[in-house]
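The values are calculated or read from the model by the stated rules, or taken from the named source; none is laboratory data. Computed from a prediction, not measured in an experiment: that's the story for all the values here. Reconstructed Cβ throughout: ideal geometry from the backbone, glycine too, with neighbour counts over all protein chains shown. The protein model used for the area step is the full one, side chains on, heavy atoms only, and it has no ligands, DNA or RNA in it. Shrake-Rupley method; radii C 1.70, N 1.55, O 1.52, S 1.80 Å.
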Amino acid sequence: DPNRGDNANFYRFALFYVELWIIIITVTILMSAVVLTIVRTEMKSAKYSMRKLSLSRQVFIQSVSYVSIFYLSWTFPTTLRILQTIGTPVPYAIFLCAVIFTPLQGFFNSLVYLKKEGFPFLMPSLDRLARTTVLKRTVEKGESQHGTSSMGGDDGEQKAEVEGFENA
């Protein structure tokens, strides 16, 4: 059939690149919503904590890192295909960046993940930070409302338990 493949570029864009960029934009919007929700929650709870927006800053940095990797990985191949489709000569630098950054997306994502999980001296684990803060607030709130420990036992025991939990 002489017309076979005439619409290949259209299908490539419609079935791959359009969907890809819809997903990337959706991820950008969702990550922004997550960060905004955490900032609002942390601002509301700031009166109960000495910590000022450190959790939201960590989430912001991690979210921006993941989304930036998406853009870095897929901008060059998309530009390459658009230039090829309209018949413009593609600069060698775009080819080079496309073949370097697209396969490295998973590697870059793992670096962002390891920065959060594997290097606690650079950025403490968000889960551990959240658990410690919630436990401290619960203990402090119980003591201030009741004048004693809300978990029972004497105050020395409770403080030892909290310190043991923080060091775990």
- Out of 107, 60, report the one residue that is closer than 30 Å to residue 22 by Cβ, open to solvent by 40 Å² or more (accessible area, probe 1.4 Å) and either among the small types (Gly, Ala, Ser) or at pLDDT 90 or above (or both). 107
- When only residues in region 51-96 that are polar (S, T, N, Q) and touching a Ser or Thr at 6+ places or on another chain (Cβ under 9 Å) count, which is farthest from residue 39 (Cα to Cα)? 73
- Query: Based on what the data block shows, is residue 76 surrounded by 14 or more Cβ atoms within 10 Å (Cβ to Cβ), part of a helix (DSSP H, G or I) and of a type outside the set (S, T, N, Q)?
  - Reply: yes
- Note on the structure: Restricted to region 1-54 and to residues being at pLDDT 80 or above, farther than 18 Å from residue 77 by Cβ and open to solvent by 100 Å² or more (accessible area, probe 1.4 Å), the residue farthest from the chain's Cα centre (by Cα) is 44
- Item | Criterion violated by residue 68 - all others in (1) of a type outside the set (D, E, K, R); (2) open to solvent by 50 Å² or more (accessible area, probe 1.4 Å); (3) touching a residue at least 24 places away in the same chain (Cβ under 8 Å); (4) within 26 Å of residue 106 (Cβ to Cβ) satisfied | (3)
